[in-house]
Amino acid sequence: MTKQTTSFVYVTYILASPEKVFEAITRPEIARRYWGHENVSDWNPGSKWEHVRANDQRTVELVGEVVEVVPPTRLVITWANASQAIDPASYSRVTFEIEEYEATVKLTVTHDELEAGSNMAKGVGKGWPIVLSSLKSFLETGRPIDVSSKPKAA
Amino acid sequence: MDADKVFKALSDSTRRMLLDRLYEQNGQTLGQLCQDVGMARQSATQHLEILEAANLVTAVRRGREKLHFINPVPLHEVYERWVQKFERRRLGLLLDLKNELEGDPK
């Protein structure tokens, strides 16, 4: 491996079933409600997936390949900016692990093989905590949080 | 999220420093963290346990090593619950004031 890589590991506990959490990631009509984006694929290993903004333009922002699918406990995908789709070096990897944990579900999102210091590494470092908080809030209360809101400058 | 555990974990400057170190370089071993901050292993272990119990740090085994990752998800939940809610209210009040001063009937 030539690039200096960095990784992130995010964990959240959600009061929901593993199936609900898995569906919330893989079904476009659910993801759009808390993520503002849809993850579109047939979810077969080797298939493409696209991260599509849930608006009229339906901009494809991220692309990648489905690496491993074990519903409802595990999903591994590759991940790159749509604008860099032809560059193999731009792909990072995201692993979703869903385990029952007492009365809740433990969702672990590992984002690795990211180029250290890249805009993607900076972007996902800010993005995942918001998306995962919104997912948790949506599944537990039916209300997502506004994923597009930014902290106000002081 | 257990908010008590999060606030307790954050109430200690050493633990906040450990989070800062992990923010700078994610995925460190206990040894790396101790070396960075000149802390005894035992002391660092205890602090990391409290951070893990609050879900602010996740330990992942990679081969022989145990790597520590900062997990900012509970911090975001605290932000949503304890910061953004009140900011919104304040912004709402400012808007009301503006409407009143400018005589905007909405």
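Derivation of every value follows stated rules applied to the coordinates shown; laboratory data play no part. Since the model is a prediction, treat every value here as computed from it, not as a measurement. Counting neighbours? That spans all protein chains shown, and the Cβs are built from the backbone with ideal geometry, glycine included.
Specify whether the C-alpha gyration tensor of chain A places it in the rounded, prolate or oblate class, a ≥ b ≥ c being the square roots of the eigenvalues: rounded for a/c under 1.5, otherwise prolate if a/b is larger than b/c and oblate if not. Write down the numbers at each step before the final one.
Working: a/c = 1.37, a/b = 1.24, b/c = 1.11.
The shape class here is rounded.
Using modelled backbone amide H atoms (1.01 Å from N, in-plane), which distant-in-sequence or interchain residues come within less than 5 Å of A:Tyr91's amide H?
none
Quote the relative contact order of chain B in percent (integer), defining contacts as alpha-carbon pairs under 8 Å separated by 6+ residues.
On the way: 88 pairs, mean separation 28.2, N = 106.
Relative contact order of chain B: 27 percent.
Less than 10 Å Cβ to Cβ from A:Glu29, Lys/Arg counted +1 and Asp/Glu -1: what total charge do the surrounding residues give?
Values: positive: A:Arg27, A:Arg32, A:Arg33; negative: A:Glu23, A:Glu38.
Net of charged neighbours comes to +1.
Could you compute the FRET efficiency for A:Glu68 and B:Asp12, with r as their C-beta to C-beta distance and R0 at 35 Å, rounded to 0.05? Mind showing how you got there, number by number?
Details: r = 39 Å, r/R0 = 1.13.
Here the calculated transfer efficiency is 0.35.
I'd like the per residue volume of the convex hull spanned by the Cα atoms of the range A:1-85, given in cubic angstrom. Numbers along the way, then the final one.
Details: hull volume 10.2 nm³, N = 85.
Here the figure is 120 Å³ per residue.
Please report, in debye to the nearest 20, how large the charge dipole of the range A:2-59 is about its Cα centre when each Lys and Arg carries +1 at its beta carbon and each Asp and Glu carries -1 there.
Values: 8 positive and 7 negative charges, 39 e Å.
For the range A:2-59, the charge dipole is close to 180 debye.
5 Å is the cut-off here: which amide hydrogens, built 1.01 Å from N in the peptide plane, fall below it relative to A:Ala54, excluding neighbours closer than 5 in sequence?
Amide H neighbours of A:Ala54: A:His37, A:Glu38.
Counting Lys and Arg as +1 and Asp and Glu as -1, what is the net charge of the other residues whose Cβ lies under 15 Å from the Cβ of B:Pro74? Display every interim value, and only then the final one.
Details: positive: A:Lys106, A:Lys136, B:Lys5, B:Lys8, B:Arg15, B:Arg16, B:Arg81; negative: A:Glu140, B:Asp2, B:Asp4, B:Glu52, B:Glu77, B:Glu80.
Within the 15 Å Cβ shell, the charges total +1.
Report, as an integer, the average count of C-beta atoms from other chains found within 10 Å of each Cβ along B:69-81.
On the way: counts 6, 4, 10, 9, 14, 5, 2, 12, 7, 1, 5, 7, 1.
Averaged over the peptide's residues, the number is 6.
Treating the beta-carbon of each Lys and Arg as +1 and of each Asp and Glu as -1, no other charges, what is the dipole magnitude of the protein assembly as shown about its Cα centre, to the nearest 20 debye? Before the final figure, lay out each step's value.
Numbers: 34 positive and 36 negative charges, 99 e Å.
Using only the charged Cβ atoms, the result is roughly 480 debye.
Out of A:Ser134, A:Ser41, A:Ser83, any idea which swings most in a Gaussian network model of chain A, alpha carbons joined below 10 Å?
A:Ser83
As a test of the formula, what do you get for the protein assembly as shown when each DSSP H run with n ≥ 4 contributes -39,500 (n - 2.57) and the sum is divided by the residue count, at 222 nm and rounded to the nearest 500 deg cm²/dmol? Mind dumping the intermediate values first?
On the way: 9 runs with 106 residues, N = 260.
Mean residue ellipticity, 222 nm, calculated: -12500 deg cm²/dmol.
Can you give me the long-range amide H partners of A:Leu62? Hydrogens built in the peptide plane at 1.01 Å from N, cutoff under 5 Å, separation of 5 or more residues or another chain.
Answer set, sorted by chain and number: A:His51, A:Ala82.
Say the cut-off is 29 Å between C-alpha atoms; which of A:Lys106/B:Lys8; B:Lys8/B:Lys85; A:Lys136/B:Lys8; A:Lys3/A:Lys106 go over it? Kindly include the intermediate steps, with their values, before the conclusion.
On the way: A:Lys106/B:Lys8 22 Å; B:Lys8/B:Lys85 21 Å; A:Lys136/B:Lys8 22 Å; A:Lys3/A:Lys106 31 Å.
Flagged as over cut-off: A:Lys3/A:Lys106.
Which one of B:Arg88, B:Arg61, B:Arg21 has the biggest mean-square fluctuation once chain B is modelled by GNM with Cα springs under 10 Å?
Taking springs between Cα atoms under 10 Å, the residue moving most is B:Arg88.
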